[in-house]
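*Asks:* Input: one structure, supplied below.
The values are calculated or read from the model by the stated rules, or taken from the named source; none is laboratory data. As the structure is a prediction and not an experimental result, all values here were calculated from the model. Cβ placement follows ideal geometry from the backbone for every residue including glycine, while neighbour counts extend to all protein chains displayed.
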């Protein structure tokens, strides 16, 4: 059973997931990148994957058969133990039997794959606007559905594009991991925002986004509802943050028009990145309020787009301090200047 | 000038170092890996590098000429601004002029490269015990010398082996970055240890190492003075921690016999890793007390050995939670079973 363990000093959770080691390439975290032709994520290969959880499909088509646009399946090599399978052995908040101060608990949760296209595409820029909007709609649908799972406290949605970003199968897909704990990084962010809210009565993120809009120098693009900018303390070259300008704690509270606008801006942002660094690997990471903080006044959902063109090395792992050779001001100027016709 | 910026919510420093982007490969964090033959780190290529800061050399040989065993040079593409060069423009603890809450300061510091062998070797296992001991001696000498630099608050020593670990030039080397701030990760670790010290009167690390010795299951090897084990909340498969069993806050307080024993155990630990995962990339990271906490009762120096055989992806960057497919108990059993004749 997958286990969450907490570092006794740093209070940092890790997921010990030995089942993951049974994947085809034992010590690579993800299965082999496969070229199209024998891709398990392409339309027509539905029986190579676990049964779908959700799909956007043509009326009249059957589950786990062709006819879909976006398809959600359980991850074949989950990083967590799926609730219901062996959940009777679950341990919650236990002390380690051996060493005082060690904490662990069973990692009961969900781990799903969101296949973003029926045809074999590799880069997000190959998706049409309608497809990109479909994908965001599916994220929202899964987040809403997972609110019913009482054991979950946080759901992380992320997308790895390119091998350097930890990509698995190259066919464009996102993943979703639901956890029975709130990750320490999210707790830190939420707590800092809550402290400001309690002190000043406003959302720290709203304030920060307003500050960026006023400062201008790190803005990549602004629309009616969204701002896309390079964060002041960017860890990665060309790192971007996409956020709604109006306060909203939960991604899954966004309406259709809001999601369509987010999709359009994300698509243009990634097209800019692609133009500046061709074939750059990157991660997209959604930050949304922990499930228990729904509709709170102090958190604000946003996407982080993290290009992976510089490798984290000993310095970064030792100190937590990233070395970024491109200032966010220069990154924003370069990304703004990129011609995108979308 | 290189700049330290703090994330307004997470209080996480980043180093914005635009000079780094001028390196041969603009968007790779390190220069090209070069095969031997035209290697700037080999004996005889001394004039291709900046002037040496320190070297262990044959009596009678000249600086920046052949005859050395270990050689320390300034990094040609430093991640920090070297004190003395443009230091008059330095800014300490400034608010950003644009957005309230943003903090920055000039990243005045040192960035050095420790070339670990005069002949072209690529893996730490190719060093003799005498050479490994030389390297640890040089680390100690540089730490001791840098205590005189009043602007430094933390010195991070690290070694990147293999491209997946962020290795630069393949010729075996370590690096040292001295910073005018204590990184948040180190502050968190030191603060947690200090809290336990104040509450219970003991060193949290001493307690933890004793706990590991008693539990046995995660121990790789024990010597008179050292313990080598796989941490309970290992982030990476086959992650190891090497620590002195007797309390010691500062690496540079270790005497010759202690360093020789540390070198021998580190060498055997890396040989075990090499046997379990041939050619695995890895980082070695020294954690030692911040300069201002010298000889304190609550911190305890240790090395982290971080194999980089699984890539950090969107989930890890989004949550800070690492997925580790090899439990430390299984890792320790496998590493223990590896035959090493050293």
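Every residue, every condition in (1) under 20 Å from the mean Cα position of the chain (by Cα); (2) not in a loop (DSSP other than H, G, I, E, B), yes or no:
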| residue | (1), (2) |
| --- | --- |
| B:309 | yes, no |
| B:318 | no, yes |
| B:326 | no, no |
| B:329 | no, yes |
| B:340 | no, no |
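*Asks:* Determine which member of the set A:292, A:278 is more than 9 Å from chain B (Cβ to nearest Cβ), at pLDDT below 95 and closer than 26 Å to residue A:247 by Cβ.
*Replies:* Just a single option satisfies the conditions, and that option is A:292.
*Asks:* Within segment A:155-188, how many residues are out of contact with any strand residue (DSSP E or B) (no Cβ under 7 Å at 6 or more places or on another chain), facing another protein chain (nearest Cβ under 9 Å) and under 19 Å from residue A:6 (Cα atoms)?
*Replies:* 2
*Asks:* Can you tell me which of B:313, B:280 is closer than 29 Å to residue A:189 by Cα and touching a strand residue (DSSP E or B) at 6+ places or on another chain (Cβ under 6 Å)?
*Replies:* Matching residue, one of B:313, B:280: B:313.
*Asks:* From the set of residues in segment A:212-227 that are closer than 23 Å to residue A:298 by Cβ and more than 25 Å from the chain's Cα centre (by Cα), which is surrounded by the most Cβ atoms within 10 Å (Cβ to Cβ)?
*Replies:* Taking the candidates together, the pick is A:215.
*Asks:* When only residues in segment A:165-192 that are within 20 Å of the chain's Cα centre (by Cα) and assigned to a helix (DSSP H, G or I) count, which is surrounded by the fewest Cβ atoms within 10 Å (Cβ to Cβ)?
*Replies:* A:187
*Asks:* Looking only at segment A:11-22, which residues are at the interface with another protein chain (Cβ under 7 Å from one of its Cβ atoms) and in contact (Cβ under 8 Å) with a residue 12 or more places away in the chain?
*Replies:* A:12, A:13, A:15, A:16, A:17, A:18, A:20
*Asks:* Here's another thing I want to ask about it. When you look at residue A:287, is it surrounded by 24 or more Cβ atoms within 10 Å (Cβ to Cβ), within 13 Å of chain B (Cβ to nearest Cβ) and within 30 Å of residue A:201 (Cβ to Cβ), yes or no?
*Replies:* no
*Asks:* With the requirement that a residue be buried (at least 24 other Cβ atoms within 10 Å of the Cβ) and in a loop (DSSP other than H, G, I, E, B), what does segment B:295-307 give you?
*Replies:* The answer is B:299, B:300.
*Asks:* Right, another one. Only one residue in A:71, A:5 is at pLDDT 90 or above, in a strand (DSSP E or B), within 14 Å of chain B (Cβ to nearest Cβ) and surrounded by 14 or more Cβ atoms within 10 Å (Cβ to Cβ), so which one is that?
*Replies:* Only one candidate passes the filter, namely A:5.
*Asks:* Continuing with this model, one more query. Test each condition in (1) touching a residue at least 12 places away in the same chain (Cβ under 8 Å); (2) within 12 Å of another protein chain (Cβ to nearest Cβ); (3) farther than 21 Å from residue B:294 by Cβ for residue B:263 and report the one that comes out false.
*Replies:* Going through the list (1) touching a residue at least 12 places away in the same chain (Cβ under 8 Å); (2) within 12 Å of another protein chain (Cβ to nearest Cβ); (3) farther than 21 Å from residue B:294 by Cβ, residue B:263 breaks only (2).
*Asks:* A further question follows. How many of the residues making up segment A:305-329 are at the interface with chain B (Cβ under 7 Å from one of its Cβ atoms) and in contact with a helix residue (DSSP H, G or I) (Cβ under 8 Å, 6 or more places away or on another chain)? I'd like the intermediate steps shown before the answer.
*Replies:* Going residue by residue through segment A:305-329, those that are at the interface with chain B (Cβ under 7 Å from one of its Cβ atoms) are A:306, A:309-315, A:317-327.
This time we only want the ones that are in contact with a helix residue (DSSP H, G or I) (Cβ under 8 Å, 6 or more places away or on another chain), so: A:306, A:309, A:311, A:313-314, A:318-323, A:325-327.
Final tally of qualifying residues: 14.
*Asks:* Which of (1) outside any helix (DSSP H, G or I); (2) buried (at least 19 other Cβ atoms within 10 Å of the Cβ) is the odd one out, the single condition residue B:246 does not satisfy?
*Replies:* (2)
*Asks:* Could you please let me know if residue A:272 is in a helix (DSSP H, G or I) and within 18 Å of the chain's Cα centre (by Cα)?
*Replies:* Numbers: in a helix (DSSP H, G or I): yes; within 18 Å of the chain's Cα centre (by Cα): no.
No.
*Asks:* Against the conditions (1) more than 14 Å from chain B (Cβ to nearest Cβ); (2) within 27 Å of residue B:320 (Cβ to Cβ); (3) assigned to a loop (DSSP other than H, G, I, E, B), where does residue A:152 fall short? Just the number, please.
*Replies:* Checking residue A:152 against (1) more than 14 Å from chain B (Cβ to nearest Cβ); (2) within 27 Å of residue B:320 (Cβ to Cβ); (3) assigned to a loop (DSSP other than H, G, I, E, B), the one that fails is (1).
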